[in-house]
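Student: Submitted below is the structure of interest, expressed as structure tokens.
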Amino acid sequence: MSRWEPNARGRLAEAALELCGERGYEQTTVAEIAKRAGLTERTFFRHYADKREVLFGGSGALQELFVNAVTGAPESAAPIDSIAAGLQAVSAMFVGRREYSRQRQALIVANAELRERELIKLASLSAALA
């Protein structure tokens, strides 16, 4: 029996990015992602609703952090300063993830289904900020 290892969610995201980069998004299955991460399909679906979501994990946390920083800005702050506070708050989420973000964005640009999902996530963020 294998020993439990932490960070299943992160391992799944890394495995998905690697496999989609090697084979393409459409040719990569959830089973392959789970296997590469050393996990089961069942574990994959405990963490992500579908294959697309594995590339967008953390968007809820990003939205919450951004909105909280904007709404937490002083009422006297100009709108642009409130947004700047939000950007400053979320920038910490990207420290050390430049290469991951670059590869993820390349996958999104290359796939219409992922571009659609990204637009939905961005619209949700925009509505929450408004």
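Student: Only residues that are assigned to a loop (DSSP other than H, G, I, E, B) and of a type in the set (Lys, Arg): list them for the range 28-52, please.
Tutor: Within the range 28-52, Lys51, Arg52 meet the criteria.
Student: Tell me which residues, restricted to the range 1-58, are modelled with pLDDT of 95 or more, of a type in the set (Phe, Trp, Tyr) and open to solvent by 20 Å² or more (accessible area, probe 1.4 Å).
Tutor: Listed by number, the list holds a single entry, Phe45.
Student: I need the full set of residues from the range 106-119 which are more than 22 Å from Phe66 (Cα to Cα) and open to solvent by 50 Å² or more (accessible area, probe 1.4 Å), in order please.
Tutor: Residues satisfying the conditions are Ala106, Val109, Ala110, Ala112, Glu113.
Student: Keeping to the range 67-105, report how many residues are open to solvent by 60 Å² or more (accessible area, probe 1.4 Å) and under 24 Å from Ala15 (Cα atoms).
Tutor: The total comes to 11.
Student: Is it the case, given these coordinates, that Tyr25 is under 26 Å from Arg115 (Cα atoms), touching a residue at least 60 places away in the same chain (Cβ under 8 Å) and part of a loop (DSSP other than H, G, I, E, B)?
Tutor: In short, yes.
Student: I've got another one for you. Would you please name the residue that is farthest from Tyr25 (Cα to Cα), looking only at residues in the range 75-110 that are outside any helix (DSSP H, G or I) and modelled with pLDDT of 95 or more?
Tutor: Ser76
Student: Next question, about the same structure. Look at Leu122 and say whether it is exposed (fewer than 14 other Cβ atoms within 10 Å of the Cβ), in a helix (DSSP H, G or I) and among the hydrophobic types (A, V, I, L, M, F, W, C).
Tutor: Judged against the criteria, Leu122 is a match.
Student: With of a type outside the set (Lys, Arg), touching a helix residue (DSSP H, G or I) at 6+ places or on another chain (Cβ under 8 Å) and free of Cβ contacts under 8 Å to residues at least 12 places away in the same chain as the only criterion, which of Ala16, Ala31 stands out?
Tutor: Result: Ala31 is the single residue among Ala16, Ala31 that is of a type outside the set (Lys, Arg), touching a helix residue (DSSP H, G or I) at 6+ places or on another chain (Cβ under 8 Å) and free of Cβ contacts under 8 Å to residues at least 12 places away in the same chain.
The values are calculated or read from the model by the stated rules, or taken from the named source; none is laboratory data. It should be emphasised that the depicted structure is a prediction, and the values quoted were computed from it without experimental measurement. Positions of Cβ are backbone-derived with ideal geometry, glycine not excepted, and every protein chain shown enters the neighbour counts. Heavy atoms of the whole protein, side chains included, go into the accessibility calculation; ligands, DNA and RNA do not. Shrake-Rupley method; radii C 1.70, N 1.55, O 1.52, S 1.80 Å.
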